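In what follows, a single structure is set out as structure tokens and then discussed.
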Amino acid sequence: MTRLKGAFATLAAVVGFAAVLVAHTLIGSSVPASLRSAAGNRPGGSPSNSSKTPTTTVPGPAGVTGNHIVTGKVTGYGYGEVAVRLQVDNGRIVSVKVAKLLTADSYSQQIAQQVIPMLAREVMAAQSARISAISGATYTSEGYAYSVQSALDALKKG
Amino acid sequence: MASVTFERANDTSRRRGQPRQATAKRLSRPPRPGVVDLAVVLFGLGLGASVALALTAETAAGMKAPGGVAMFIGNLTGLAGTYLALVMILLVSRIPVVERTLGQDGLLAWHRRLAPWPISLIVAHAVFLTIGYAQAAHTGVMHELSTFISSFPGMAIAIAGFGILVVVAVLSIYSVRRRLRRETWWAIHLGMYLAFALAFAHEVVLGPSFVNHPLTQAVWSAAWAATAGVVLVYRFGLPIYRSLHHRLRVVELRPEGEGVTSVILEGRHLDRLPISGGQFFEWRFLKRGLWWQAHPYTVSARPRPPYLRLTVKAVGDHSAALARLEPGTRVAVEGPYGAFTAHARRHQRAALLAGGIGITAARSLLEDLPKRSQPVVVWRVASEAEAALAEEVRQLVSHLGGKLHLLAGSREEFPLEKVVGLVPDLATRDLYVSGPEGFVSGVVGLLRHSGVAEEAIHSEVYAL
């Protein structure tokens, strides 16, 4: 009888394990879809993410004339908040700066400061928010990319 | 007080004019084996889900980063360890239906068996995450520890909680624990509640499976809140309510034999107290020097409203102190607990095997057994003088058409084989075994060896 109960518990454990993984793939994190499409193409990231890029507009600032400075949305990424300020000159991103950075703890601050210059370089290179996340700083990268995307969106609308 | 009596001679039918002497009829509700099956499945689901939760926060890239592997192991062990700790807390949370079904000694056995797992997993969690964060920040372990305390939200209190956990865990190791007084250890052990309360904040604020995942955060928080609620309701609320409701106080102390005393209590509404023969309460005698410790003693008869009785053998400080109680002492109770009841029967007939003071559970159980059970009672006791309640047991057994074997003498004179040997047709009876640990484990071992089905063996161990 005890052995039967053990088998039930094991079976239930497998079901619980699978259920959470399935739910995770279906629901995903609370990070908005637009952000995931931006940051999902990281090496080792699930390929399904890269295939579903919902943005129908051109990802970069191509076609925007004149010189603009635009600030992205303040994006909470769990360990802190980040917002970027983009300078766009005749359809090219010429600089990406941090407009706001607030972290929950000093370790996250340390990480953010280490990776933000790398993320800025990636944005400049990609000329869009489609950047790969930096290993060890996935959430920071996602938050950063989301703010970049929101700045580009604002630029096109306005 | 001479009118208080718990003997069978005071049958309700014969003393209709004195309703105060009638036996309370309200039995504890029956056990629910289905609840156990459900709990087992929920346990498995939760464990699988906790492990999976650690995986959801992981990426291949994260694993490759400095400290990534250590951090992953740290998160995994933290989630699994904390989940198992939650299960351990639930095992001793005194949920009535679980207590009735599995019995408290069964639950405590599982609690003890499980204990090394959450402790070692949580220790691993602390070690691996410190190493992992130190690797990620390219710093030393000691420096990382000070960073945790100074700048991570919720980490200072979590580390304090971890300290408590380690201290309590070390004191709970058997070789250390047996050097401590039971009450001292019990008080220290309550520190575990504090430890897990302190740890909670850092789990949901920093845990990568919870950050940015409001759903998992909500589920995890709800599970812990529910556990805290269950503990508060059943370990504190219900006992306080019952104690205030019944207002028990000591009315008489009656010597029953060598070193054996019956404590007779008077209380209100005892007719409405759901209790079965063979169950016990944790008793707290509200008197200087005793109020802070609760001890388990079996009820030695069904309540005779307004009276309730426990019978105790002086073997330790607490049980010896009971003989010196003064009438009027207020008594608080937790319970009744225990699965050693007539509900557990699988067969028509029964046999009760009692060692020494273990007779008290058998004595109150006899009141709940039907006539067709024809109980054979084998009672081994060191001497006739210690055979407390012998007259009551004899009357009850003869009323049920059963047979009593009172074996007064040494263990050599009456070895356990002889005790078991006195029960005819073992296979067709329920076997209720009560007494000191050595007696119970010895008899149960013999019964199993004789091929008695596990479901037919019911035991109650008297901790000394």
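The values are calculated or read from the model by the stated rules, or taken from the named source; none is laboratory data. Bear in mind that the values here come from a model prediction, so they are computed numbers and not experimental data. Because the Cβ atoms are built from the backbone with ideal geometry, glycine has one as well, and the counts that use them run over all protein chains shown. Each accessible area value is taken on the protein alone, full model and side chains, heavy atoms only, with ligands, DNA and RNA left out. Shrake-Rupley method; radii C 1.70, N 1.55, O 1.52, S 1.80 Å.
Yes/no per residue for (1) over 21 Å from B:S276 (Cα atoms); (2) modelled with pLDDT under 95; (3) open to solvent by 40 Å² or more (accessible area, probe 1.4 Å):
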{"position": "B:L353", "(1), (2), (3)": "no, no, no"}
{"position": "B:A361", "(1), (2), (3)": "no, no, no"}
{"position": "B:L365", "(1), (2), (3)": "no, no, no"}
{"position": "B:V376", "(1), (2), (3)": "no, no, no"}
{"position": "B:R380", "(1), (2), (3)": "yes, no, no"}
{"position": "B:A385", "(1), (2), (3)": "yes, yes, yes"}
{"position": "B:L407", "(1), (2), (3)": "yes, no, no"}
{"position": "B:E412", "(1), (2), (3)": "yes, yes, yes"}
{"position": "B:Y432", "(1), (2), (3)": "no, no, no"}
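Residues in region B:132-162 that are within 22 Å of B:E58 (Cβ to Cβ), more than 9 Å from chain A (Cβ to nearest Cβ) and open to solvent by less than 30 Å² (accessible area, probe 1.4 Å): B:G132, B:A134, B:G154, B:A158. Under the condition of being open to solvent by 70 Å² or more (accessible area, probe 1.4 Å) and assigned to a loop (DSSP other than H, G, I, E, B), which residue from region B:238-268 is farthest from B:P303 (Cα to Cα)? Looking at the filtered set, the residue picked out is B:E258.
Just one of the listed residues (A:V123, A:V96, A:V88) is at pLDDT 90 or above, under 15 Å from the mean Cα position of the chain (by Cα) and more than 12 Å from chain B (Cβ to nearest Cβ), namely A:V123. Within region B:128-148, residues that are within 21 Å of B:G207 (Cβ to Cβ) reach partners that are part of a loop (DSSP other than H, G, I, E, B) with beta carbons closer than 6 Å, at six or more positions or on different chains, in the pairs B:G132/B:G67; B:Q135/B:P66; B:Q135/B:G67; B:A136/A:G136; B:A136/B:P66; B:A136/B:G67.
For region B:194-216, a residue qualifies if it is open to solvent by 50 Å² or more (accessible area, probe 1.4 Å) and either over 19 Å from B:H125 (Cα atoms) or not assigned by TED's automatic domain parsing to the domain that holds B:F43 (or both), and the qualifying residues are B:P214, B:L215. For region A:122-139, filtered to residues that are in contact with a strand residue (DSSP E or B) (Cβ under 7 Å, 6 or more places away or on another chain) and open to solvent by less than 40 Å² (accessible area, probe 1.4 Å), the residue that is farthest from A:R92 (Cα to Cα) is A:V123.
Close contacts from region A:69-91, counting a first residue that is in the same structural domain as A:E142 (by TED's automatic domain parsing) and a second that is acidic (D, E) and in a strand (DSSP E or B), with Cβ to Cβ under 7 Å and a gap of 6+ residues or different chains, come to A:V74/A:E81; A:T75/A:E81. Considering region B:63-95, the residues that are of a type outside the set (A, V, I, L, M) and within 20 Å of B:A228 (Cβ to Cβ) include one that is surrounded by the fewest Cβ atoms within 10 Å (Cβ to Cβ), namely B:S93. Look at (1) modelled with pLDDT under 90; (2) within 14 Å of another protein chain (Cβ to nearest Cβ); (3) more than 24 Å from B:L215 (Cβ to Cβ); (4) surrounded by fewer than 19 Cβ atoms within 10 Å (Cβ to Cβ) and you find that B:E58 fails only one, number (3). Does any residue in region B:38-53 that is closer than 13 Å to B:L84 by Cβ and more than 7 Å from every other protein chain (Cβ to nearest Cβ) come within less than 6 Å, Cβ to Cβ, of a residue that is hydroxyl-bearing (S, T, Y) and assigned to a helix (DSSP H, G or I) six or more places away or on a different chain, and which pairs are these? Filtered contacts from region B:38-53: B:S50/B:Y83.
Would you check if there is a residue in region B:332-339 being in a helix (DSSP H, G or I) and open to solvent by less than 20 Å² (accessible area, probe 1.4 Å)? Looking for residues that are in a helix (DSSP H, G or I) and open to solvent by less than 20 Å² (accessible area, probe 1.4 Å), one finds none in region B:332-339, hence no.
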